[in-house]
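Trainee: First the structure, then my questions, so here it is.
The values are calculated or read from the model by the stated rules, or taken from the named source; none is laboratory data. All values reported here derive from a predicted model rather than from experimental measurement. We place every Cβ from the backbone using ideal geometry, glycine too, and count neighbours over all the protein chains shown.
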Amino acid sequence: MSRAACTAQQALEKLKAGNARYINVKTGEGDVSPALRLKTCTEGQAPYAVIVTCSDSRVIPESIFSAGIGELFVIRVAGNVIDDHQLGSIEYAAEHLGCRLVLVMGHDHCGAVDAAIHHETENYIRYITDEIKKAIGDEQDDYKACCLNVRHSVRRIEESLEIRQEEEHGLRVCGALYHLADGRVEFLDDLQSSGGGLGAAAADTLVSAVSEESAFRRYFLVDYENVNREGLNGIAKLTETDCVKIYYSSAAETLTFGLHRRINGSKAHFTYTKVKIQIKNAVDCQILFDLQGLVKENRDAEYSIVSKDTDFDKTIASFVEHRFHVKRVVHVGASAEQLKAERKLTKEEAFFEEHFQKKKYTEKRAEILEILRTGKTRQQINNRLMKLYEGQTVKEMFKILQPIIKDLPGK
Ligand SMILES: [Zn+2]
């Protein structure tokens with residue numbers, strides 16, 4: 001099956017031209033500057049992670065992770081399968097370069113996985129598809145098969161003796177799935193090791209555990225690190241049809257007796273997920289990954305991410321676009337109206353939550369609230385807002401603000 005777009009010679013020239021462009025321009029998010037190139041050449045490399053991923057031309061680890069020179073130690077092989085050569089590379093990165101995270105990143109619509117499911121293969125390709133077949137068994141679903149394949153590679157890495165020894169030095173192996181269409185990376189492991197082997201949870205848990213939990217009417221996914229126990233305000237009002245999923249990390253893992261009592265007193269179903277992976281936003285990623293699994297199982301339920309972190313909002317908007325009922329709240333007790341009634345929020349805060357949901361506002365929430373709280377006249381509020389935004393935006397804000405500033409002096 002030859003579908004070559006150009007000859008080997010042409011391809012080589014293309015690579016050279018591509019490399020020439022790479023040398024002369026600085027593009028993308030990662031630092032590929034000549035200075036860094038020289039620095040890493042003379043001082044050596046210290047990549048922060050090993051990425052094991054597919055050779056698929058649509059999966060570009062450095063771009064995907066906005067990484068530049070010297071940041072990622074990348075091992076690519078069709079179907080991200082693992083054998084001795086890959087293990088040797090990982091071992092090298094761990095022992096000699098100091099990498100502490102190995103991410104096995106599969107992707108959806110993977111040709112290698114597809115071939116293993118649907119086609120008889122021959123020659124050398126068989127080495128790859130046979131390995132994938134071992135991983136996926138009879139699974140026919142593309143997404144699940146890709147997850148299982150990742151999990152298999154994760155296990156292969158973990159089971160190698162050298163890697164196990166490295167575990168004591170903090171080396172962690174986890175799985176992820178890259179989505180070709182929207183560029184999103186789903187992290188499949190929370191690196192929770194119960195007994196032997198890391199990441200035992202992996203794909204299976206994430207694919208099937210949500211099925212057991214799919215019977216609820218409302219779900220609250222609590223970013224505990226962000227909202228802490230205040231995020232659970234309102235749990236007394238929940239019912240048997242509510243499920244509260246608490247996500248935390250070692251940075252926030254204490255429960256007070258008072259809170260414990262409140263949780264026991266609640267009728268809702270509680271689950272706890274400790275996210276151990278030491279990367280930025282690991283808790284957020286886990287929440288979004290679980291949310292994605294849940295909405296697939298139970299389309300009609302209502303989902304609330306409990307967090308003050310406005311970074312969630314963009315992703316939530318895309319869920320809403322697909323007509324899932326997802327929103328962000330600052331505590332389980334939910335909507336702005338309720339919050340007002342409970343007097344958990346000041347008048348200004350409740351107003352803000354209700355009317356200023358756009359990112360351009362939420363990212364300056366603290367400043368705006370301070371202005372609303374302390375502004376003595378309309379003119380003063382106007383002047384202070386002008387320091388944050390341009391005139392047109394302030395004009396819009398003033399229109400929105402009418403109900404709560406109409407009694408203030410000034411025009
Ligand atoms: Zn692939």
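Trainee: Going by the conditions given, is Gly88 crowded, with 20+ Cβ neighbours inside 10 Å and over 26 Å from Ala35 (Cα atoms)?
Mentor: No: the conditions fail for Gly88.
Trainee: Does Ala135 satisfy being over 18 Å from Val173 (Cβ atoms), within 16 Å of the ligand (Cβ to nearest atom) and assigned to a helix (DSSP H, G or I)?
Mentor: So Ala135 fails the test.
Trainee: So, one more: Is it the case that the stretch 261-268 has a residue that's free of Cβ contacts under 8 Å to residues at least 60 places away in the same chain, of a type in the set (A, V, I, L, M), not in a strand (DSSP E or B) and not assigned by TED's automatic domain parsing to the domain that holds Glu186?
Mentor: From the stretch 261-268, those free of Cβ contacts under 8 Å to residues at least 60 places away in the same chain are 261-268; that's our starting set.
Checking the rest, the ones that are also of a type in the set (A, V, I, L, M) come to 263, 268.
Now drop any that are not not in a strand (DSSP E or B), which leaves 263, 268.
With the extra rule that they be not assigned by TED's automatic domain parsing to the domain that holds Glu186, the set shrinks to 263, 268.
Within the stretch 261-268 (the criterion being free of Cβ contacts under 8 Å to residues at least 60 places away in the same chain, of a type in the set (A, V, I, L, M), not in a strand (DSSP E or B) and not assigned by TED's automatic domain parsing to the domain that holds Glu186), the answer is yes, since at least one residue qualifies.
Trainee: From the list His118, His152, exactly one residue is within 15 Å of the ligand (Cβ to nearest atom), modelled with pLDDT of 90 or more and over 21 Å from Arg58 (Cβ atoms). Which is it?
Mentor: Step by step, each of His118, His152 is checked, and only His152 is within 15 Å of the ligand (Cβ to nearest atom), modelled with pLDDT of 90 or more and over 21 Å from Arg58 (Cβ atoms).
Trainee: Considering only residues that are over 18 Å from Val283 (Cα atoms) and either without any contact (Cβ under 8 Å) to a residue 12 or more places away in the chain or among the β-branched types (Val, Ile, Thr) (or both), which ones fall in the stretch 237-257?
Mentor: Answer for the stretch 237-257, where residues must be over 18 Å from Val283 (Cα atoms) and either without any contact (Cβ under 8 Å) to a residue 12 or more places away in the chain or among the β-branched types (Val, Ile, Thr) (or both): Thr239, Thr241, Thr256, Phe257.
Trainee: For the stretch 103-128, give me each residue that is among the charged types (D, E, K, R) and touching a residue at least 12 places away in the same chain (Cβ under 8 Å).
Mentor: Answer for the stretch 103-128, where residues must be among the charged types (D, E, K, R) and touching a residue at least 12 places away in the same chain (Cβ under 8 Å): Asp108, Asp114.
Trainee: Do we find a residue being closer than 17 Å to Gly175 by Cα, surrounded by fewer than 20 Cβ atoms within 10 Å (Cβ to Cβ) and touching a Leu at 6+ places or on another chain (Cβ under 7 Å) anywhere in the stretch 63-79?
Mentor: yes
Trainee: Within the stretch 314-332, how many residues turn out to be part of a loop (DSSP other than H, G, I, E, B) and crowded, with 16+ Cβ neighbours inside 10 Å?
Mentor: Residues meeting the conditions: 4.
Trainee: Of the conditions (1) assigned to a loop (DSSP other than H, G, I, E, B); (2) within 18 Å of Arg58 (Cβ to Cβ); (3) touching a helix residue (DSSP H, G or I) at 6+ places or on another chain (Cβ under 9 Å), Gln140 fails just one. Which one is it?
Mentor: (2)
Trainee: Suppose we keep only residues that are within 14 Å of the ligand (Cβ to nearest atom) and in a loop (DSSP other than H, G, I, E, B) within the stretch 68-81. Which one would you say is farthest from Asp31 (Cα to Cα)?
Mentor: Here the residue is Val81.
Trainee: Being in a loop (DSSP other than H, G, I, E, B) and either touching a Lys or Arg at 6+ places or on another chain (Cβ under 7 Å) or within 8 Å of the ligand (Cβ to nearest atom) (or both) is the filter here; which residues of the stretch 52-67 pass it?
Mentor: Cys54, Ser55, Asp56, Val59
Trainee: Out of (1) of a type outside the set (Val, Ile, Thr); (2) crowded, with 19+ Cβ neighbours inside 10 Å; (3) in a loop (DSSP other than H, G, I, E, B), the odd one out for Glu122 is which?
Mentor: (2)
Trainee: Restricting to the stretch 355-394, give me the number of residues that are over 29 Å from Asp309 (Cβ atoms) and assigned to a helix (DSSP H, G or I).
Mentor: Filtering the stretch 355-394 for residues over 29 Å from Asp309 (Cβ atoms) gives 376-380, 382-383, 391.
Those still in the list that are assigned to a helix (DSSP H, G or I) too: 378-380, 382-383, 391.
Of the residues in the stretch 355-394, 6 are over 29 Å from Asp309 (Cβ atoms) and assigned to a helix (DSSP H, G or I).
Trainee: Give the residue that is modelled with the lowest pLDDT, with candidates limited to residues of the stretch 201-241 that are farther than 16 Å from Thr256 by Cβ and part of a strand (DSSP E or B).
Mentor: In this case the residue turns out to be Arg218.
Trainee: Could you identify the single residue in Glu159, Glu131 that is modelled with pLDDT under 90 and more than 25 Å from Lys296 (Cβ to Cβ)?
Mentor: That would be Glu159, the only listed residue that is modelled with pLDDT under 90 and more than 25 Å from Lys296 (Cβ to Cβ).
Trainee: Would you confirm whether or not the stretch 103-113 contains a residue that is away from the ligand (no atom under 16 Å from the Cβ) and part of a strand (DSSP E or B)?
Mentor: No: zero hits.
Trainee: Tyr272 is checked against (1) in contact (Cβ under 8 Å) with a residue 12 or more places away in the chain; (2) outside any strand (DSSP E or B); (3) more than 16 Å from Phe324 (Cβ to Cβ) and fails just one. What number does that condition carry?
Mentor: Looking at each condition in turn, Tyr272 falls short on (2).
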